[in-house]
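J.: Just dropping this structure here.
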Amino acid sequence: MGAQSEDREPQPPERLVLCDLPPPRPAWKGALRWSLFAALGVLNAALIAGAAAWVYFARDLPSVPTLAEYRPPVVTELVTADGQVAGEFFAERRKVVPLSRIPKRLVQAFVAAEDKNFFEHAGVDWLGTARALTNTYLLRRKVQGGSTITQQTAKAMLVSAEGFAEGTRRNVRRKVREAILAARLERAFSKEELLWLYLNGVYLGHHSYGVQAAAENYFRKNVEDLTLAESALLAGLPQAPSRYSPFVNPEAARQRRRYVLRRMREEGMIAEAESRAADEAEIRVHKVDDVFRETAPFYVEAVRRQVVERYGNERLLQEGLRVEMTMDLDKQRAAQAAMLVGLLDVDRRQGFWGPLAHVDGADREALRRRLAEAWPAGSLDVGEYAVGVVSAVNDLTGLVRVEIGEAEGLLPLAGMRWARPPNPQVHYGDAALSRPSSALQVGDVVVVRRVTRADLAERERQAKAGHPDAVPEARLLLALEQEPRLQGALVAVDPWSGYVEAMVGGYDFEASEFNRAFQACRQPGSAFKPVVYSAAIEKLGFTPSTLLTDAPVVFRDDESAWKPQNFGEDFKGDVTLRTALVQSMNIPAVKTAEALASKMGPRFLGEWAKELGLTAPVKQELGSALGSSCTTLWDLVRVYAVIDRYGEKRPTLLVKRVLDRDGGVLEDHSSPSDPWVPLSTRIASGYAEARAERPRVLDPRAAFVLVHLIGEVATVGTGAQASRLGKPVAGKTGTTNDSFDTWFMGFTRGEVAGVWLGFDKNEQPLGRAETGGRAALPIWLAYMQAALRDRPQPSFPVPEGIVFQRIDPKTGKALPPFDAGGVLEPYLAGTEPQPETQESREQHKVEVQDLFAQ
């Protein structure tokens, strides 16, 4: 068996079958399974890509602040002493207000116009966004927005963080970043808080960011005072502020307002009658006030420079500072009015600079049409200026006809006698115009002012050149005017608070921003003499009786000879210091400077001037006694304020307080007597004032002697016109050679003011007779009369150690008691001259005999 088994061939095993095999699976099911796997893969990839895109686009997004951290750029305001806005500086003109101040109708208007589903969505209207993207980028149709209020708030944040160009770029990246930021905002804030952010940030045209700024810019109102019609107009602006601007396109603004009102009505926010009434309301908007240029541009610009120097330009433009200036707005307006009138008067005395232009033919007709638009017939009131074209000149009647658009006015000779050819060598009173054709020709374009017959008659009386009763009657009477080439500056200071209450830096800020109060270094002429005499009284013991020589003299140095002259080119011999100062004599001043240099050293006068407050160097020469070294009006006013305070130095201030956007005080220089600051601030200032140690550069007694002497300048001397102020006053005139510069510096116990007049370039002098007393003093007087109206001014107090003695003003000798003649002058006790007695006369005779015996 075994052999047999080994010999068999092996057989394959039988197949083991456990059950029946399943039928083949349909092909579509396999495809479906693989499709699901692929879809899940795509979805996962999309999610991963979306997450990556989210991370990518979310890079460098501005962080979402808390409400306490929300500090967008806001406007910095420069305000006057009484809180009136005089200047605004900003990158974005925004004023943040609480939601409680924003009226319900305004909120509804924005929601209806911009985002009707605002209270339902989570920040992004995905359907609207998809539609906008499809139409804009795929179908290339009209660009559409689709942004919600939350997205617009996010956009505003992007603009602030990235700049306008990048934050408003029309591309997918910006829209995605906007959506991401919107989602974050929805998580961080309630709907009411988002509305607050939006309404304080939305751009509404004409530099208006937020509804408060827009309410001011368009309607000159606070936001809480807006009507329904005004609210609807503002709510229509975000889509296209320029296109719907009521200034640029009022009809488009009206149609947009109608759309907003319709949406409010459809949403049940307003009734049909309300909508109709608002739709029919007239659109009344006001040009944005340019408070900077319209109020006091020279002053405000000087303050702006100080703020930038202290805090930086970015903080000025972004951080909403409140800068409280020391400007008294009433006094500032008085200063500007006085300067305007004074400049025009003195400029007219220089002569007629010529017409603005000359036109003929078609050019004349085109100009006439433009003038008719600017000055419609009947619109020119008395005192107002206009531009006209000369249409007829008649030397026989002395009449000139001037076309102002459709109207024609009459310009009599009485209204243009001043218009002589400029000639500084000829006195203006000797060259009054006698023929209109000497100044004007047909076709000349001129500046005129409407006047009354009484105005022209008064001009004739003052000029003494015609017959006042001969001024003709006419419906439109004119006087010839001109744009002045002359410039001027004025600075007024409260000497005790140091507040600069008024400052004018020139005729026209638009024409030239050069501030002549601070930046023009000019020769002060005789206005410098109080500096010289203050040193002589303080350091050399000079008194009002000190005799000085007024005689021809030649001073020589290594290179040249110099012979000073008096203004009147005459000499008085020996004169008292009182006479020398009151009559503003030059040679005695130079002699005094020579005595100071001999006793105190050649550099002393310059050092003394610096102690008093001058910052420009004083030349080391005797001519400096006559004001040959330049100074600024700002510095010279500070010197006179020191004299007014009897030698006490105090800071001179343009800014009294600076507050940050939260009301925190950054700096405070308030005076205890300032009625416009809080009581707590005045108390603190009073405490600081009581503890302050004020440096003093003059003995009060010496200062009083000087004040008394320049008080006589302002009453009986070269500045006697100042006495018309009717209050205790002191002052000094200043006139340089050939009247290139004219000054008047004057003060009461409570107000110091200085005025300078001249041309920017010394190409020609002001002309004969134009002195400080003739040109500058009238401006000073007009300002002071307005500034101190109904404000009593005390007399200058007499310090201890001062005695008064009546003297002969010619010799300086004391007069006998009860002598009613002479003048009463102050002296430091012990320096006053004694009345001459028989014994003193005998003693004097003995001294003279002894002198000759020797």
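The values are calculated or read from the model by the stated rules, or taken from the named source; none is laboratory data. Note that the coordinates shown come from a computational prediction; the quantities given were computed from them, not determined experimentally. Note that we place each Cβ from the backbone using ideal geometry, even for glycine, and neighbour counts take in every protein chain shown. The protein model used for the area step is the full one, side chains on, heavy atoms only, and it has no ligands, DNA or RNA in it. Shrake-Rupley method; radii C 1.70, N 1.55, O 1.52, S 1.80 Å.
J.: Consider Ser628 carefully, then state whether it is in contact (Cβ under 8 Å) with a residue 40 or more places away in the chain and outside any helix (DSSP H, G or I).
T.: Numbers: in contact (Cβ under 8 Å) with a residue 40 or more places away in the chain: yes; outside any helix (DSSP H, G or I): yes.
Considered against the rule, which asks whether it is in contact (Cβ under 8 Å) with a residue 40 or more places away in the chain and outside any helix (DSSP H, G or I), Ser628 comes out as yes.
Conditions (1) of a type outside the set (Asp, Glu); (2) closer than 20 Å to Phe110 by Cα; (3) at pLDDT 70 or above, marked per residue:
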residue: Ala156; (1), (2), (3): yes, yes, yes
residue: Glu166; (1), (2), (3): no, no, no
residue: Ala188; (1), (2), (3): yes, no, yes
residue: Leu199; (1), (2), (3): yes, yes, yes
residue: Gly210; (1), (2), (3): yes, yes, yes
residue: Ala213; (1), (2), (3): yes, yes, yes
residue: Glu216; (1), (2), (3): no, yes, yes
residue: Gly236; (1), (2), (3): yes, yes, yes
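J.: When you check Ile270 against the structure, is it more than 30 Å from Glu513 (Cβ to Cβ), hydrophobic (A, V, I, L, M, F, W, C) and in contact (Cβ under 8 Å) with a residue 60 or more places away in the chain, yes or no?
T.: Working: more than 30 Å from Glu513 (Cβ to Cβ): yes; hydrophobic (A, V, I, L, M, F, W, C): yes; in contact (Cβ under 8 Å) with a residue 60 or more places away in the chain: yes.
Answer is yes for this residue.
J.: Okay, moving on. Within the range 509-528, can one find any residue that is among the acidic types (Asp, Glu), in contact (Cβ under 8 Å) with a residue 60 or more places away in the chain and open to solvent by 60 Å² or more (accessible area, probe 1.4 Å)? Please lay out each step first, then the result.
T.: At the first step, the residues of the range 509-528 found to be among the acidic types (Asp, Glu) are 510, 513.
With in contact (Cβ under 8 Å) with a residue 60 or more places away in the chain added as a condition, the list becomes 510, 513.
If we keep only those that are open to solvent by 60 Å² or more (accessible area, probe 1.4 Å) too, we end up with 510, 513.
Taking every residue of the range 509-528 in turn, at least one turns out to be among the acidic types (Asp, Glu), in contact (Cβ under 8 Å) with a residue 60 or more places away in the chain and open to solvent by 60 Å² or more (accessible area, probe 1.4 Å).
J.: Run down Asp790, Asp760 and say which single residue is free of Cβ contacts under 8 Å to residues at least 12 places away in the same chain and farther than 19 Å from Gly711 by Cα. Show your work before the answer.
T.: Numbers: Asp760 fails: free of Cβ contacts under 8 Å to residues at least 12 places away in the same chain.
The conditions single out Asp790.
J.: Mind checking which pairs have a first residue in the range 809-824 that is under 16 Å from Arg578 (Cα atoms) and part of a strand (DSSP E or B) and a second that is open to solvent by 80 Å² or more (accessible area, probe 1.4 Å) and at pLDDT 85 or above, Cβ under 6 Å, 6 or more apart or different chains?
T.: Pairs found: Ala814/Gln834; Leu824/Phe804.
J.: Right, next: Only one of these is out of contact with any Pro (no Cβ under 8 Å at 6 or more places or on another chain), hydrophobic (A, V, I, L, M, F, W, C), free of Cβ contacts under 8 Å to residues at least 40 places away in the same chain and surrounded by 15 or more Cβ atoms within 10 Å (Cβ to Cβ): Ala334, Ala362, Ala366, Ala372. Name it. Working first, answer last.
T.: Details: Ala334 fails: free of Cβ contacts under 8 Å to residues at least 40 places away in the same chain; Ala362 fails: surrounded by 15 or more Cβ atoms within 10 Å (Cβ to Cβ); Ala366 fails: surrounded by 15 or more Cβ atoms within 10 Å (Cβ to Cβ).
One residue alone meets the criteria, Ala372.
J.: Read through the list (1) open to solvent by 60 Å² or more (accessible area, probe 1.4 Å); (2) among the hydrophobic types (A, V, I, L, M, F, W, C); (3) at pLDDT 95 or above, then give the number of the only condition that Val260 fails.
T.: (1)
J.: When the range 677-706 is examined, which residues are found to be in contact (Cβ under 8 Å) with a residue 40 or more places away in the chain and part of a helix (DSSP H, G or I)?
T.: Result: Pro700, Arg701, Ala702, Ala703, Phe704, Val705, Leu706.
J.: Scan the range 385-395 and give yes if some residue there is in contact with an Asp or Glu (Cβ under 7 Å, 6 or more places away or on another chain) and exposed (fewer than 15 other Cβ atoms within 10 Å of the Cβ), otherwise no.
T.: Applying the first criterion (in contact with an Asp or Glu (Cβ under 7 Å, 6 or more places away or on another chain)) to the range 385-395 yields 385, 388-391.
Checking the rest, the ones that are also exposed (fewer than 15 other Cβ atoms within 10 Å of the Cβ) come to 385.
Yes, the range 385-395 contains a residue that is in contact with an Asp or Glu (Cβ under 7 Å, 6 or more places away or on another chain) and exposed (fewer than 15 other Cβ atoms within 10 Å of the Cβ).
J.: Kindly indicate whether any position in the range 736-749 is farther than 24 Å from Thr652 by Cα and among the aliphatic types (A, V, I, L, M). Full working, then the answer.
T.: Step one: filter the range 736-749 for residues farther than 24 Å from Thr652 by Cα, giving 736-741.
Now restrict to residues that are among the aliphatic types (A, V, I, L, M): none.
No, the range 736-749 has no match at all.
J.: Any residue at all in the range 240-248 that's open to solvent by less than 10 Å² (accessible area, probe 1.4 Å) and not in a loop (DSSP other than H, G, I, E, B)?
T.: So far as the range 240-248 goes, no, none of its residues is open to solvent by less than 10 Å² (accessible area, probe 1.4 Å) and not in a loop (DSSP other than H, G, I, E, B).
J.: Here is a check on your reading of the model: is Ala702 open to solvent by less than 10 Å² (accessible area, probe 1.4 Å) and of a type in the set (Gly, Ala, Ser)?
T.: Working: open to solvent by less than 10 Å² (accessible area, probe 1.4 Å): yes; of a type in the set (Gly, Ala, Ser): yes.
In short, yes.
J.: Would you be able to say whether some residue in the range 405-416 is at pLDDT below 90, surrounded by 20 or more Cβ atoms within 10 Å (Cβ to Cβ) and under 22 Å from Asp381 (Cβ atoms)? Even if it seems obvious, please write down each step before you answer.
T.: In the first step, residues of the range 405-416 are kept if they are at pLDDT below 90; the result is none.
Within the range 405-416, not a single residue is at pLDDT below 90, surrounded by 20 or more Cβ atoms within 10 Å (Cβ to Cβ) and under 22 Å from Asp381 (Cβ atoms).
J.: Filter the range 650-688 for residues that are open to solvent by less than 60 Å² (accessible area, probe 1.4 Å), under 29 Å from Ala714 (Cβ atoms) and either acidic (Asp, Glu) or more than 22 Å from the chain's Cα centre (by Cα) (or both) and give the result.
T.: Answer for the range 650-688, where residues must be open to solvent by less than 60 Å² (accessible area, probe 1.4 Å), under 29 Å from Ala714 (Cβ atoms) and either acidic (Asp, Glu) or more than 22 Å from the chain's Cα centre (by Cα) (or both): Arg650, Ser671, Asp674.
J.: Which residue out of Glu216, Glu178, Glu192, Glu186 is under 33 Å from the mean Cα position of the chain (by Cα) and in a helix (DSSP H, G or I)?
T.: Glu216
J.: Considering only residues that are closer than 14 Å to Ala479 by Cα and open to solvent by less than 20 Å² (accessible area, probe 1.4 Å), which ones fall in the range 417-438? Outline the logic, then answer.
T.: At the first step, the residues of the range 417-438 found to be closer than 14 Å to Ala479 by Cα are 417-419, 433, 436.
Passing the criteria: Ala419, Leu433, Pro436.
J.: Considering only the range 45-83, state which residues are modelled with pLDDT under 85 and on the phi > 0 side of the Ramachandran plot.
T.: Residues of the range 45-83 that are modelled with pLDDT under 85, as a first pass: 45-70.
Result: Asp60, single match.
J.: When you scan the range 784-795, do you find a residue that is crowded, with 18+ Cβ neighbours inside 10 Å, modelled with pLDDT of 95 or more and hydroxyl-bearing (Ser, Thr, Tyr), even just one?
T.: Going residue by residue through the range 784-795, those that are crowded, with 18+ Cβ neighbours inside 10 Å are 784, 787-788.
Still in the list and also modelled with pLDDT of 95 or more: 784, 787-788.
Filter again for hydroxyl-bearing (Ser, Thr, Tyr), leaving none.
No, the range 784-795 contains no residue that is crowded, with 18+ Cβ neighbours inside 10 Å, modelled with pLDDT of 95 or more and hydroxyl-bearing (Ser, Thr, Tyr).
J.: I need the full set of residues from the range 738-767 which are of a type in the set (D, E, K, R) and either in contact with a helix residue (DSSP H, G or I) (Cβ under 8 Å, 6 or more places away or on another chain) or open to solvent by less than 10 Å² (accessible area, probe 1.4 Å) (or both), in order please. Please lay out each step first, then the result.
T.: Looking only at the range 738-767, we keep the residues that are of a type in the set (D, E, K, R), and these are 738, 741, 749, 751, 760-761, 763.
If the condition is that a residue be of a type in the set (D, E, K, R) and either in contact with a helix residue (DSSP H, G or I) (Cβ under 8 Å, 6 or more places away or on another chain) or open to solvent by less than 10 Å² (accessible area, probe 1.4 Å) (or both), then Asp741, Arg749, Glu751 are the ones that fit.
J.: Further question: What pairs can you find where one residue is in the range 612-625 and within 24 Å of Lys649 (Cα to Cα) and without any contact (Cβ under 8 Å) to a residue 60 or more places away in the chain, the other is among the β-branched types (Val, Ile, Thr) and crowded, with 22+ Cβ neighbours inside 10 Å, and their Cβ atoms are less than 6 Å apart, with a gap of 6+ or different chains?
T.: Final answer for the pair search is Gly613/Val639; Gly613/Val642.
J.: Report, by residue number, each residue of the range 609-623 that is part of a helix (DSSP H, G or I) and surrounded by 22 or more Cβ atoms within 10 Å (Cβ to Cβ).
T.: Step one: list which residues in the range 609-623 are part of a helix (DSSP H, G or I), which gives 609-612, 622-623.
Passing the criteria: Ala609, Leu612, Leu622.
J.: Kindly evaluate Asp395 against the criterion of being over 34 Å from the mean Cα position of the chain (by Cα) and not hydrophobic (A, V, I, L, M, F, W, C). Before you say what the answer is, go through the steps one by one.
T.: Details: over 34 Å from the mean Cα position of the chain (by Cα): yes; not hydrophobic (A, V, I, L, M, F, W, C): yes.
It is true that Asp395 is over 34 Å from the mean Cα position of the chain (by Cα) and not hydrophobic (A, V, I, L, M, F, W, C).
J.: Can you name the number of the only condition in (1) open to solvent by less than 20 Å² (accessible area, probe 1.4 Å); (2) farther than 19 Å from Gly717 by Cβ; (3) at pLDDT below 95; (4) part of a loop (DSSP other than H, G, I, E, B) that Tyr646 fails?
T.: So Tyr646 meets the others, but not (3).
J.: Select from the range 475-496 the residues that are open to solvent by less than 20 Å² (accessible area, probe 1.4 Å) and closer than 19 Å to Ala302 by Cβ and list them in ascending order.
T.: Passing the criteria: Gly488, Ala489, Leu490, Val491, Ala492, Val493.
J.: Of all the residues that make up the range 473-517, how many are farther than 19 Å from Thr742 by Cβ and part of a strand (DSSP E or B)? Before the answer, list the steps.
T.: Looking only at the range 473-517, we keep the residues that are farther than 19 Å from Thr742 by Cβ, and these are 473-483, 493-502, 508-513.
Within this subset, residues satisfying the condition of being part of a strand (DSSP E or B) are 477-481, 493, 499-502.
Looking only at that region, the number is 10.
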